[in-house]
């Protein structure tokens, strides 16, 4: 990954946490683009080509998959209007010790009649926003401008949902308050490990990681992964956070820091690879159902 956060992880403490990092989101979008029909890919690209925000470097699916983070953070150091309006949409904090998905999603608020999903209430979660933006993308009544926003958010939020620490947390702000001193060369938080470091361990470069993810995404489990709803995928991601991210975490040392053993790293690498593949399959399914000839009503 070429982002500075990959090179200097110590600056993470002053950086916003992004699920998977930019290259992880790009990887998911690239994989999904190979799982949809040529017609759907053409339609999606035509929508993205209308983006004039200048927040990402081009209108490709891979770059646009990073747009939602850039939009959220574009006024983070200013009036925070965009940040406050959309930051909660990127995750759902289900407590490991007392899981309540409805409470974690603020009761799954409905959109007021006539309100675009991109203008929905700030207190909402990634699970609900995926369903809302999917509804908009498939509807012929959606304006061109809102369809662009729906696609941009979906390209990103589907990836966010599959990062386990965007679904479960242990009173630690999704791993941001648990500090790891090895095996990475510098002290970094648990969230960084799961959104960036483990992904970096999959392969020496992003293209090789893409081959690995596609091998899983096109395997026999693809049909199984296409089943279910955003809520089902949320519960799946939560279980990984509970049973792998936290349950397998070694006890902290006397200094309060954690040291990850080889078994934890191996299991985490496997979970990350699988979650990236699941995200690609489900993103492709949403695009195919929304922009393809056959329209399938999304279920919640």
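The values are calculated or read from the model by the stated rules, or taken from the named source; none is laboratory data. These numbers were taken from a predicted model, which means no experiment stands behind them. Please note: Cβ atoms are built from the backbone with ideal geometry, for glycine as well, and neighbour counts cover all protein chains shown.
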Of the residues in segment 125-141 that are surrounded by fewer than 22 Cβ atoms within 10 Å (Cβ to Cβ) and in contact (Cβ under 8 Å) with a residue 12 or more places away in the chain, the one that is nearest to residue 93 (Cα to Cα) is 131
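Looking only at segment 77-97, which residues are within 12 Å of residue 124 (Cβ to Cβ), touching a helix residue (DSSP H, G or I) at 6+ places or on another chain (Cβ under 7 Å) and free of Cβ contacts under 8 Å to residues at least 40 places away in the same chain? Steps first, please.
Quick first cut of segment 77-97, residues within 12 Å of residue 124 (Cβ to Cβ) only: 85-92.
Add one more test, that the residue is touching a helix residue (DSSP H, G or I) at 6+ places or on another chain (Cβ under 7 Å), and what stays is 86-87, 89-92.
Scanning segment 77-97 gives 86, 87.
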The condition of being modelled with pLDDT under 95 and assigned to a helix (DSSP H, G or I) holds, among 28, 47, 5, only for 5
Residue hits (segment 161-184; in a helix (DSSP H, G or I) and within 16 Å of residue 229 (Cβ to Cβ)) are 161
Of the residues in segment 240-262 that are touching a residue at least 24 places away in the same chain (Cβ under 8 Å) and part of a helix (DSSP H, G or I), the one that is surrounded by the most Cβ atoms within 10 Å (Cβ to Cβ) is 245
Within segment 195-214, the residues that are farther than 14 Å from residue 271 by Cβ and touching a residue at least 60 places away in the same chain (Cβ under 8 Å) are 196, 200, 206, 209, 210, 214
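Would you call residue 27 buried (at least 22 other Cβ atoms within 10 Å of the Cβ) and touching a residue at least 40 places away in the same chain (Cβ under 8 Å)?
Here the answer is yes, as residue 27 does meet what is asked.
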Considering segment 9-24, residues that are crowded, with 21+ Cβ neighbours inside 10 Å and not in a helix (DSSP H, G or I), and then whichever is modelled with the lowest pLDDT, we arrive at 17
